[in-house]
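Notes for the one structure printed next.
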Amino acid sequence: MEKRTFKAALFDLDGVVFDTEPQYTIFWGSQCQEFHPEHPGLEHEIKGQTLVQIFDRHFDGELEKMQPLIVERLNEFEKNMNFEFIRGFETFIRQLRDKGVKTAVVTSSNIDKMNAVYSKVKGFKDLFDAILTSEDFERSKPDPDCYQKAAQRFDAKADECIVFEDSFNGLKSGCAAKMKVVGLSTTNSAESISEYADKVIADYSTFDYNNCIEIINS
């Protein structure tokens with residue numbers, strides 16, 4: 001059997017590149033407790049959704065008037081966030097690029113959030129060949145649209161790509177795109193995400209290019 005080419009590594013952002021999910025859980029936990037006290041745990045259910053999706057599904061009707069306030073709070077929160085890389089990420093992605101693998105961020109975050117990242121993390125853009133945000137997609141995760149568009153940027157077939165995700169919506173998006181999926185157990189337990197991933201890892205400290213080749217050809 002001819003070996004498949006590993007052409008593109010497609011990364012979600014929060015919980016995959018950066019260890020930011022605990023911070024977002026705190027933020028959305030406070031908003032959900034204030035506006036949806038009747039729905040405990042909502043902050044966990046909305047992980048992987050765009051801000052537009054969150055508003056459309058949970059802050060419409062009478063709560064629609066509160067959307068500008070939440071946006072203001074979120075923008076201020078993100079300005080003060082810590083963007084720390086998941087353990088081993090920088091070494092891993094540089095190895096991929098040295099091997100000629102294309103790399104992309106594929107995130108539900110918007111341009112405003114990414115501008116906060118660029119201002120705080122010097123050299124961030126240099127780690128990726130493409131950065132796709134919520135403005136680039138017609139349909140959000142768990143729809144495969146975002147990962148399909150990322151693959152198109154590199155003229156890559158689905159079986160030449162590996163998706164790196166942590167949220168259920170993101171994992172399902174990678175699966176729906178018919179790509180290999182590596183799940184990070186940074187947000188949800190390894191056991192709970194295993195059915196949506198070809199491999200589950202806690203971080204990148206013991207994961208490398210050779211592991212990716214094995215996954216692509218599994």
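The values are calculated or read from the model by the stated rules, or taken from the named source; none is laboratory data. What you see is a predicted model; the values in this text were computed from it and never measured. Backbone-built Cβ (ideal geometry, glycine too); neighbour counts: all protein chains shown. Only protein heavy atoms, including side chains, enter the accessible area calculation; ligands, DNA and RNA are left aside. Shrake-Rupley method; radii C 1.70, N 1.55, O 1.52, S 1.80 Å.
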| Over segment 1-144, what is the mean sequence separation of C-alpha contacts under 8 Å (at least six apart), divided by residue count, expressed as relative contact order in percent? | 32
| In nm, to one decimal, how far is the Val121 label point from the His39 one, both placed 7 Å along Cα→Cβ? | 2.9
| field | Gained length - Glu214 relative to Lys178, 0.36 nm times residue gap less alpha-carbon distance | value | 11.3 nm
| Charge context of Ile193, other residues only, Cβ under 12 angstrom, K/R +1, D/E -1 | -2
| What percent do you get for the relative contact order of segment 57-211 when only Cα pairs under 8 Å and 6+ apart count? | 19
| Out of (i) 44; (ii) 50; (iii) 40, which label holds the value of percent of Cα pairs over 24 Å apart that was computed here? | (iii)
| request: Pop the C-beta distance of Thr206 and Glu84 into the FRET formula with R0 = 22 Å and round what comes out to the nearest 0.05. | output: 0.70
| said: Straight-line reach from Lys79: which aspartates and glutamates fall under 13 Å, measuring Cα to Cα and dropping same-chain residues less than 8 apart? | reply: Asp112
| query | So what is the calculated 222 nm ellipticity per residue for the chain, using -39500 (n - 2.57) for each DSSP H run with n of 4 or more, over all residues, to the nearest 500 deg cm²/dmol? | reply | -11500 deg cm²/dmol
| message | Which lysines, if any, have their Cα less than 25 Å from the Cα of Lys157, not counting same-chain residues under 8 positions apart? | response | Lys3, Lys7, Lys99, Lys102, Lys125, Lys141, Lys149, Lys172, Lys178, Lys180, Lys199
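Once the other residues with Cβ under 15 Å from the Cβ of Gln33 are scored (Lys, Arg +1; Asp, Glu -1), what is the net sum? List each step's numbers first, then the result.
Details: positive: Arg73; negative: Glu34, Glu38, Glu43, Glu45.
Net charge around Gln33: -3.
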| query | Which part of segment 183-218 falls in the paramagnetic zone of Ala158, meaning amide N under 19 Å from the point 7 Å along Cα-to-beta-carbon? | reply | 183, 195-199, 215-218
| note | Probe 1.4 Å, all chains present, heavy atoms only: Thr5 accessible area in Å², nearest 10, is 80
